[in-house]
1. What is the one condition in (1) touching a helix residue (DSSP H, G or I) at 6+ places or on another chain (Cβ under 6 Å); (2) more than 11 Å from chain A (Cβ to nearest Cβ); (3) modelled with pLDDT of 90 or more that residue B:24 does not satisfy?
2. Conditions: (1) touching a residue at least 40 places away in the same chain (Cβ under 8 Å); (2) crowded, with 17+ Cβ neighbours inside 10 Å; (3) within 14 Å of chain B (Cβ to nearest Cβ). Residue A:217 meets all but one. Number of the miss?
3. Looking at (1) at pLDDT 90 or above; (2) surrounded by 21 or more Cβ atoms within 10 Å (Cβ to Cβ), can you tell me which one residue A:125 breaks?
4. Evaluate the following for residue B:82: is it farther than 24 Å from residue B:202 by Cα, among the charged types (D, E, K, R) and not in a loop (DSSP other than H, G, I, E, B)?
5. Consider region B:107-129. How many of its residues are under 20 Å from residue A:174 (Cβ atoms), part of a loop (DSSP other than H, G, I, E, B) and at the interface with chain A (Cβ under 8 Å from one of its Cβ atoms)?
6. Residues of region B:93-106 being at the interface with another protein chain (Cβ under 7 Å from one of its Cβ atoms) and either in a loop (DSSP other than H, G, I, E, B) or open to solvent by less than 20 Å² (accessible area, probe 1.4 Å) (or both), which ones?
7. Residue by residue through region B:149-192, note down the ones that are closer than 23 Å to residue B:63 by Cα, part of a helix (DSSP H, G or I) and either out of contact with any Gly (no Cβ under 7 Å at 6 or more places or on another chain) or away from chain A (no Cβ under 11 Å) (or both).
8. Given the conditions (1) buried (at least 18 other Cβ atoms within 10 Å of the Cβ); (2) modelled with pLDDT of 90 or more; (3) of a type in the set (Ser, Thr, Tyr); (4) over 18 Å from residue A:27 (Cβ atoms), which single one is not true for residue A:103?
Amino acid sequence: MHWLVEPWSFQFMRDALVAGLAAGMGCAALGVFVVFRRMAFAGEAMSHTTLPGLVVAQWQGWSLSLGALASNLITALGIGLLSGRASKGRGVREDAAIGVVFTGMFALGVMLTSLGGSWRDLSHLILGNILAVEPGSLWFMIGSALAILVVLAALHKELELTSYDATYADLIGIGSGRARLLVLALVAFAVVSGVQVVGVVLTSALLISPPATAAMFTRTLRPMMVLSVIVSWIAVVGGLTLAYHADLPAGAAIVGCSAVTFALAWAWRRMRG
Amino acid sequence: MKLEWLAYGGRHLHAPDPTMPALRVSELAVGYAQASEAVLSRVEFDLRVGAKLALVGANGSGKSTLLKTIAGLLKPRAGAIRVFGLAVGACHHRTSYLPQREEINWSFPVAVERFVLAGRFVHCGWLARPDANDHAVVESTLAELELSAVRRTPIGELSGGQKQRMLLARAVAQGSDLLLLDEPLNAVDASTRAIVARLLARLQREGKSMIVSTHDVGMHDHPFDGVLALEGGTLEVQPYALAR
């Protein structure tokens, strides 16, 4: 029992726990829409496109969270503008738009990093640094998670309908394109929190793995969102505990726990036939 | 609580113009942006209030394009459409559209009852939740289309006939006065055809106006008031007897 309690006797571990739970909650709840709207590629792309914003913010001494957020909102707008009329045969296909914007922004980030001269300074951004999360970032993560939940609750029926029948949503005046842009903007917020927890490379795991695990147990949206959040919290608590005792990178340990949870759920589902 | 100013697209429920037909299509031309040739050209017809027209034509003749344009999903290149005397989209409440099945993301985790409830969303608008009346409408529609037993079933687990009835249930639950039904009997069995026929007959008795697109008028168990035959993007209006 002491093994389980000991990590939380330190302030930096308690801060990391709050950061992980907040980022996990926003990513996991939103992730259900990301997975079932088939936007997993967008989530993966957005985690990488934080890079130019992070680099510029680091150079200028600005808030890293706001730098990453600005970068991601530009990405979301770029994807939205390029593919906005794809369903009417007038735009670029969404996956192609994501591919172009994602690689373009990431390349910009790499060039800016190179101009800055040091990759070591940015290693904590690429791999995450949840054990040294700053108070400002912590409040950003809590605020982002709450904002995501409020939007998901307030616009639940519109986001749900546009996810499975964009045509009908357009017919009654909801505007599926606007809903898509809103989801991309929410992903931008979720990813910025996730980057600080598990880093640029692993953030999409926070968006994808918990909903994919939850989908093994339920086939309806709201229970799936709740279960997805619970799964992400299990991964955060398990990952931080493991990182503390085994001296592992905390972000990788959280994502590893999330993957193990998914594997166990998948095995259980297979055994039940 | 439903607030007027939160209506989708700022469009509220407008009273119809009693002097106008349910639908008036004049000199309509429709085409897709990347194609120079129009899919539909010089299409003209009226649909009187309470009438039911069949829309027939081969694959690619423009049936779905015409229905989507009337529904406001596609913008015409030329011409005009008036729905109960109003511009297309002026009142989202009055027009419902039954899409073809391939337009739905069937893997999305939503149950049948919730799917049909979406037909009531236009009456709620932003932020408001469906009320007891909305749920009662869904309840009776599910019963009429014999879907009550699968109300909690995820939409992806339904049979083809059940999917078609569910789509129709949502269109009916909307309570619109003009129904645009794109291939409602596509790949369905005899029992679903009978249920749909019964429903369409009831709707017509209640004065609803309909356009039903179909490959084959003969497979419908109910009479039409006329046939719109599309061929090469142009339209012929025929009395029903000639089409049989």
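The values are calculated or read from the model by the stated rules, or taken from the named source; none is laboratory data. Source: prediction; values computed, not measured. A quick note on method: Cβ atoms are made from the backbone with ideal geometry, for glycine too, and the neighbour counts reach across all protein chains shown. Areas reflect the complete protein model, heavy atoms only, side chains present, ligands, DNA and RNA absent. Shrake-Rupley method; radii C 1.70, N 1.55, O 1.52, S 1.80 Å.
1. Residue B:24 satisfies every listed condition except (1).
2. Unmet condition: (2).
3. Only one criterion in (1) at pLDDT 90 or above; (2) surrounded by 21 or more Cβ atoms within 10 Å (Cβ to Cβ) is unmet by residue A:125, namely (1).
4. Here the answer is yes, as residue B:82 does meet what is asked.
5. Matching residues across region B:107-129 total 6.
6. B:97, B:99, B:104, B:105
7. Selection gives B:160, B:161, B:163, B:164, B:165, B:166, B:167, B:168, B:169, B:172, B:192.
8. Among (1) buried (at least 18 other Cβ atoms within 10 Å of the Cβ); (2) modelled with pLDDT of 90 or more; (3) of a type in the set (Ser, Thr, Tyr); (4) over 18 Å from residue A:27 (Cβ atoms), residue A:103 violates only (1).
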